[in-house]
Structure formats: C-alpha cells, structure tokens
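Okay, structure first, notes after.
Please treat every number below as a calculation from the coordinates, not as lab data. What you are looking at is a predicted structure, and each value in this text was computed from that prediction instead of being measured. Every residue, glycine as well, gets a Cβ built from its backbone with ideal geometry; the counts of neighbours run over all protein chains shown.
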Amino acid sequence: MRTLTLCPARQTTLSQITRILMKLILNTGPESCSHLLTRHLRAACISIGVLCSALLPAGTIAQLPTDAMIAELPYAQAVIDASGYHGTMLIHDLNRGRYYASDKNSVAQQHIPASTFKILSSLVALQTGLVANAESVLPWDGVTRGRTETNADLTLRDAFRLSSVPHYQALVRAVGESGMQRALSDAAYGNQNINGGIDQFWLTGDLRISPLQQIDVLRRLYHNALPFSISAQNTVKEIMSIEVTDEYVLRAKTGLAVLDGDKNTGWWIGWVEHDNNVTLFATVLTATAPDSGFIPARLSITRDVLRELGVLPGVGHQ
C-alpha cells in the first residue's frame, strides 16, 4: 500500500479544513452546516480542491507558473529574430523551478500541436493495449504516399521517429472519439478540443496548446505523473530519445502543420537530462508561406539557445 507524505504546508491546511468542518457540524448541526456550506459554496470548493491536492504526490497535476516565475531570455528572442520567423521559446529548469522565455507575453498563446501530439497519442495507444510496446508493428494501409519511408509496416518506435502521420491517424481512429476526448481531458492537454475530424483534429482541426502547456505535459511525463501507466510513460520517453551520450540525454518531438492560407506552425519540444538536472523546452515558430529554412529553424534555434545556456555542449552563435 502506497503511503503519501504531505509537505508541512499541506498538512497544516488539511488539519485546518478538518477542524473547521468538525466545528461547523458540532456547533450548528448537520442541516445548518449544509446550509452554511451552500451559502459559501465557492469557499467550500476551494477547500475541497486544496484537500484533494494535498493527497496527490508532487508533480501529478497540471501546474502553470505565475508570471513572477518566468524570466525574460533576450538571447533566445535575438536568435528567433535573426531567423526571420515569428516564434516563442520557453525553457524550464526543473531543479530551480524557474522558467525562461524569449517573450513572456506569448508563452500562453495556443497553437495547433501537429505531430507533437504523437507523444500523447502514443501514450493512449499503449494504455489501451492497441500496441504492447515500442516494437509493436503498425501496419501500412497500402496507400502509396510521397514520403516513401512511411510506405511500409512500421514499429511504434519507427513511426514516432519518422513522424508518420498515416500510421498515427490509424491509431487515433482505433481509439475513437470518446476515448481520445477522455484522454485529453484526463491529461489536461491544451484546450482539449477534438473538433475537426478524429484523424485531423491535431493537424488541421481545433486542438490547440501553448508553450506553457507543452512544458507542463512534458514535466508530468518526466515524473511519470500523467494519467497513464508507468510502463506506457517509460516507453514513450524511450522512443523520444534522440541523442544519448555520457554527458546528456536529449528526448524530443517535432511538429509541423500547414493551415489555410499556407500558415505554417513548427514545433520542437522535449527535454535534456544533464548534470543531475533536467531542462525542458518548447519552441514554436510561425510563418506564412515560409522558405525552406523554416523546417530546420525550429531545431537550430533551440540548440543554439541550449548551448548558450550550457545545457548542450558548445556555445551559441548569435
């Protein structure tokens, strides 16, 4: 049986709530107590929320930082400006609990997640048993498409690495609308809106997520604190691995969407495990009818800033 240890502040709050409720019942009786709680419903709901959060291990619930926790990072903004694209980069130092943004005013702006959503859809596929592990085979549907490397049966690992849209569309269709809606709601993922088609909502539909929310999902995934099995979360972290060295481990996922009017959205999100610390990042770029430099810019901008901060080896170039 798991034993939960509450921090002192939560223990104090929990004790206070218990004493207040007991005092109300003893002094006014159950009926009057109910009447008082009804009159003060908002306060009662807040107390219940605090009580529930006190019983949860740290890192298990969605937590967005206050404005005071986010510092401006001028170097990141300079790198983005030099690229010629619009965008935002948010970095979270897990040990220090600090956030660093290229522009604090844009980190809460939501964008279509595109293939960064494969992190969540992989978790759902593993949780529901549609796939057993990273080596489970996802069958090709037989339709020949422009990306020839995806015209084949692929393991979950390879489909994730290649970011094969058709293979993941088939997985999401198999989960179904109700299953996907439940997963997004339980995970507090973005705006939780799956309108736009069961196999399109994260590509051209209405699902949106901000850099702040991306970091929050990544933070909970790192802690195995999303509402999925530990096995599923560990598998997804494994297939996210891009670079594994003696100095650091980089886990990440790209995303690219083209919406009406040739409006492009490009993501690179993930984290670096280094120096007994974890640095999470979410970079999003936007452009209309961009040149060929748009796709690699997501990665080069992020790597430049992470090098400048000493998270990745080397130095920045801005």
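Spacing of the modelled spin labels on ALA82 and ASN234, each 7 Å from Cα toward Cβ, amounts to 4.2 nm. Using the Cβ-Cβ distance between ARG307 and GLN109 with R0 set to 30 Å, the FRET efficiency works out to roughly 0.70. Applying 1/(1 + (r/R0)^6) with r as the Cβ-Cβ distance of ASP206 and GLU149 and R0 = 30 angstrom yields a FRET efficiency of 0.50. A Förster radius of 35 Å combined with the Cβ-Cβ distance from GLU247 to ALA289 puts the calculated FRET efficiency at roughly 0.35. Here LYS253 is the anchor, and the aspartates and glutamates within straight C-alpha reach of less than 14 Å, apart from those fewer than 8 places off in the same chain, are ASP158, GLU238, GLU243. For segment 145-254, the C-alpha radius of gyration divided by 2.2 N^0.38 Å, with N the number of residues, is 1.13. Once the chain from SER178 to ARG96 is taken as fully extended at 0.36 nm per residue, the excess over their C-alpha distance is 25.7 nm.
Label-to-label distance for ASP67 and ASN195 is 3.0 nm, based on points extended 7 Å past Cα in the beta-carbon direction. Cross-link partners for LYS104 among the aspartates and glutamates, with Cα-Cα distance under 17 Å and sequence neighbours closer than 8 places in the same chain left out: ASP67, GLU72, ASP81, ASP93, ASP216.
Using equal-weight Cα scatterers in the Debye expression, the normalised intensity of segment 67-308 in log10 at q = 0.13 Å⁻¹ is -0.78.
Annotation: aspartates and glutamates with alpha-carbon distance below 13 angstrom to LYS237 (same-chain offsets under eight excluded): GLU273. For GluC sites (Glu not before Pro), the sites in segment 134-220 that DSSP calls loop and that have at most 15 other Cβ atoms within 10 Å are GLU135.
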